[in-house]
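The values are calculated or read from the model by the stated rules, or taken from the named source; none is laboratory data. Fair warning: this is a prediction, and the values are worked out from it, not measured in the lab. A quick note on method: Cβ atoms are made from the backbone with ideal geometry, for glycine too, and the neighbour counts reach across all protein chains shown.
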Amino acid sequence: MPVRVRGQVVRIRSRPARGLPSLAVTIGDDTGSIVVVWTGRRAIGGITLGRRLIVDGVPRRVGRQLELTNPGYTLLDERRGPVQEHAK
Amino acid sequence: MKVVIAGAGNVGRHMAVQLQQSGHDVTLLDQDAGVIERHRRATAGATWAEGDGCEIDTLRRIGLADADVIAAVTGDDEDNLVISLLAKQEFGVPRVVARVNNPDNEWMFNEMWGVDVSVSTPHLLTGLVEEAVNVGAFVRLLSFAQGRARLAEVTLAPGSPAVDKAISNLGLPRESTIVALLRRDQVVVPRGDTVLQGGDEVIVLVTGDAETDVRRALVG
């Protein structure tokens, strides 16, 4: 079931798997958090700590967390509204 | 559980029959209408669907969003990878199992492509053959938890540093544990005071980076 989540980047972790890079970004607000995994990447332009964004994807439960894999994302800027929209 | 099997070759069909007979709700997907026509009555009541598993619309049509497990077991590694990634990324399927046809491709069958469990027949067979013939070598049998834990086997050679030692004196690292001993066709449940003998087949569970130390303790 697809979801749309708005939040702030609270943690960026590198999660390599057998030598191949991937990025695990925790997005949250004071109601909770979700982990977004981008496979095959070490960094995503615009994804920095504190950045607000919206992600669109289908979550999976991994342990106690929900994870989205390679979702669509829209970077937000507080003052001007959506800055950049990235479809998959 | 709802299981989707992509690829209705021998492997997929056998899996379907086994799983359906165990009470799971199985859907078999294949692109070839001829295959479907020939086999649809011989799969214990599994549901059949025709289509290309690499297309999102096909996966949506067969209800993948409700599946608990998908097994991508076609004879084409590229297809198995694409199906796995789509299943993980677009449908959030909790468990994605994929078949590796060509062992040279095995390095790709992991989280990068949405694969939780990869199965390579040659790899499994090699492990079993090695287990049968190797004395003194450290043989990896099975890995799970996305490679974070491994089951391995060592048949203790006469010169092994572990012979005549009690398990608690082996100096095994904390991230490992001996789970069973096979001695002259008997299974021995190991305890700290069990003394190892030459010829013992030691089955050990290794997690993290402990493999080197376990190897040193059992093989030398």
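One table, with the values for the structure above:
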item: Complete set of residues in the range B:111-121 that are under 12 Å from the mean Cα position of the chain (by Cα) and not in a strand (DSSP E or B); result: B:115, B:116, B:121
item: One residue from B:118, B:84, B:143 being in contact with a Gly (Cβ under 6 Å, 6 or more places away or on another chain) and of a type in the set (Gly, Ala, Ser); result: B:84
item: Qualifying position, being more than 20 Å from residue A:38 (Cα to Cα) and assigned to a loop (DSSP other than H, G, I, E, B), among B:126, B:74; result: B:74
item: Subset of the range B:96-119 [among the hydroxyl-bearing types (Ser, Thr, Tyr) and more than 14 Å from chain A (Cβ to nearest Cβ)]; result: none
item: Enumeration of residues in the range B:91-110 that are surrounded by fewer than 21 Cβ atoms within 10 Å (Cβ to Cβ), part of a helix (DSSP H, G or I) and not aliphatic (A, V, I, L, M); result: B:103, B:104, B:105, B:106, B:107
item: Any hit, the range A:59-67, residues being surrounded by 18 or more Cβ atoms within 10 Å (Cβ to Cβ), under 11 Å from residue A:5 (Cα atoms), within 13 Å of chain B (Cβ to nearest Cβ) and at pLDDT 95 or above; result: no
item: Single residue of the range B:138-148 satisfying the filter (surrounded by fewer than 15 Cβ atoms within 10 Å (Cβ to Cβ) and either part of a loop (DSSP other than H, G, I, E, B) or touching a residue at least 24 places away in the same chain (Cβ under 8 Å) (or both)) that is farthest from the other protein chains (Cβ to nearest Cβ); result: B:144
item: Hits in the range A:1-14 - residues which are surrounded by 15 or more Cβ atoms within 10 Å (Cβ to Cβ) and under 14 Å from residue A:41 (Cβ atoms); result: A:12
item: Residue match in the range A:68-76 (condition: modelled with pLDDT under 90 and part of a strand (DSSP E or B)); result: no
item: Qualifying positions in the range A:39-58 - under 22 Å from residue B:65 (Cβ atoms) and either within 14 Å of chain B (Cβ to nearest Cβ) or of a type in the set (D, E, K, R) (or both); result: A:39, A:55, A:56, A:57, A:58
item: Whichever residue in the range B:61-95 is in contact (Cβ under 8 Å) with a residue 24 or more places away in the chain and of a type in the set (D, E, K, R) and, among such residues, is farthest from the other protein chains (Cβ to nearest Cβ); result: B:76
item: Residue match in the range B:198-210 (condition: surrounded by fewer than 16 Cβ atoms within 10 Å (Cβ to Cβ) and either without any contact (Cβ under 8 Å) to a residue 24 or more places away in the chain or in the same structural domain as residue B:115 (by TED's automatic domain parsing) (or both)); result: no
item: Residue tally, condition within 14 Å of another protein chain (Cβ to nearest Cβ) and either part of a strand (DSSP E or B) or of a type in the set (Lys, Arg) (or both), over the range A:6-34; result: 10
item: Selection count where residues are assigned to a helix (DSSP H, G or I) and more than 21 Å from residue B:1 (Cα to Cα), scope the range B:24-47; result: 8
